[in-house]
Amino acid sequence: MERERVDVLVIGAGVAGLAAARALCAAGLGVAVLEARARVGGRVYTHLDKALSMPCELGAEFLQGGGNDAQQLAGRARLTLSEVSGKHLYFRNGVLSESKDYWSELSGILEAAGRAEPHDISFEELLASYFQGEDREEIRRLATAYVEGFHAARAERLSSLWLARTEQAADLEGEQQFRVLNGFAAIVERLYEEIKILGGRVYLNAIVNEVKWDGGQVVIEAQSPTGFRREPFRATRAVVTLPLGVLKASAGEAGSVRFVPELSEKIDALGRLEMGQALRLTLRFRDRFWERIELPSQDGTRQGLSELGFIHTDVEPFPTWWTLAPIRAPLLTGWVGGRRAEKLYQKEEKEIVSEALNALTKILGIERNDVEDLLEEYYFHDWTNDPFSRGAYSYVAVGGLEAQEILAQPLQDTLYFAGEATEHTGKNATVHGAMMTGIRAANEILREFGTKETLEKSA
């Protein structure tokens, strides 16, 4: 029996796909969402553990302020938000320094990136040009660590012009961030429920292998995780929200999707975008032992860590750590991005945990055995080797300033594109940015449907 045709197929049940599906369902269109995983959310992945008083995030954790779509959705779901601590400490050369000193050094680099127009160069080249000499080696190293960590990027590939635009967008949005105490997945679940209420369908464990598209017709072949072939899915249009890493995957690689005809108009844009790599590891301890520790500071005194929010260090391989402050929980999360993350992903999980513990002992000045004795559990997801993400989030390579916009453009009023890699106003790598792209793709389709209906009525 042939499967019922719908108006729009959405590939991927991450926040972009779910946001697109909800908007289309609300407009009265027939929508089916195909998701390869056994869950919705994509790179939003909340882990529940009875030993924890609150959920642990394995993917997206921070919700930007400013009343964006994700915040509005959290409000509709009546979720509890906690503002993220703005307490940032910087541990360099064995002592703590104030954040204002660190950011004042970085601000010159980011301003320089904006002045580099019209010729785009890599961030690594930018540093070499504006901060020459051995006496500037430390600021080059710190800036590289910041950019590779925050943007999950390789400094030698990252576009300096795009970086300047992205940092400017972040400044306009402000620094206020929140955590969802119910778990970030609660936002995703709210979208999922609204889609079902509006009559949309979400098919989990539907691994898309092939998308045939041409002139207002889409046929999608999918299979289950066990290899069982599903009946083809058919529609007049499709929204593609596959992560950049999946779109760039070669034929035959795990998670890759074949388009017939191929996406020739997107090949150049895909080549100018990169899937960044980042690794986060959350450690659960018996208690908040770091609150009893004092570290030497620049003024010769010792500073306690009882109010620690974030600590940025020059200690490899995990240069950034954070707590759940102001929530008191025995959790420390280590973060590393870019080239160092790529190296870590080549190790076994136990080796990664060991490296994290070594970093903590260096930063906090305590014995390795003491930290090991306090450790109860760790939480980790390998996003790089996850076939349905193949990385953390996207960034723009040198010469690719328009690539996100090109990737976002529809093809023949049949294929539409969403996902954080198509967000070109500086909000990629954020949940609300991904939602914006899903809503944008839905509106593009609705405008086409409206035009078609108008033409039919006039005829």
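The values are calculated or read from the model by the stated rules, or taken from the named source; none is laboratory data. Everything numeric in this text was worked out from a predicted model, so none of it was measured. Glycine also receives a Cβ, built like all others from the backbone with ideal geometry; neighbour counts cover every protein chain displayed. Note: areas computed on protein heavy atoms with side chains; ligands, DNA, RNA excluded. Shrake-Rupley method; radii C 1.70, N 1.55, O 1.52, S 1.80 Å.
Observations, loosely collected:
- Taking the criterion of being in a helix (DSSP H, G or I) and open to solvent by less than 40 Å² (accessible area, probe 1.4 Å), the residues of the range 193-221 that qualify are E194, I195.
- Subset of the range 222-251 that is basic (K, R) and assigned to a loop (DSSP other than H, G, I, E, B) - its residue that is farthest from T414 (Cα to Cα): R230
- Pair list, Cβ under 7 Å, 6 or more apart: the range 39-67 residue over 21 Å from I327 (Cα atoms), other residue open to solvent by 30 Å² or more (accessible area, probe 1.4 Å) and charged (D, E, K, R): G66/E173
- Selection within the range 33-72 - in contact with a helix residue (DSSP H, G or I) (Cβ under 8 Å, 6 or more places away or on another chain) and among the hydroxyl-bearing types (S, T, Y): Y45, T46
- When residues in the range 55-73 are screened for being in contact with a strand residue (DSSP E or B) (Cβ under 7 Å, 6 or more places away or on another chain), aliphatic (A, V, I, L, M) and open to solvent by less than 10 Å² (accessible area, probe 1.4 Å), 2 of them pass.
- Among the conditions (1) in a loop (DSSP other than H, G, I, E, B); (2) touching a residue at least 12 places away in the same chain (Cβ under 8 Å); (3) of a type outside the set (A, V, I, L, M, F, W, C); (4) in contact with a strand residue (DSSP E or B) (Cβ under 9 Å, 6 or more places away or on another chain), the only one that R280 does not satisfy is (1).
- Helices (runs of 4 or more DSSP H) completely within the range 123-183 that count 3 or more residues being under 24 Å from E342 (Cβ atoms) and touching a Gly at 6+ places or on another chain (Cβ under 7 Å): 137-151
- Residue within the range 96-107 that is closer than 30 Å to E307 by Cα and modelled with pLDDT of 80 or more present: yes
- Residue count, the range 37-54 (criterion: part of a strand (DSSP E or B) and open to solvent by less than 20 Å² (accessible area, probe 1.4 Å)): 1
- Residue count for the range 403-445, restricted to those that are touching a Pro at 6+ places or on another chain (Cβ under 7 Å) and without any contact (Cβ under 8 Å) to a residue 40 or more places away in the chain: 1.
- Residue selected from the range 236-284 under the condition within 26 Å of D7 (Cβ to Cβ), aliphatic (A, V, I, L, M) and out of contact with any Gly (no Cβ under 8 Å at 6 or more places or on another chain), by the criterion surrounded by the fewest Cβ atoms within 10 Å (Cβ to Cβ): V260
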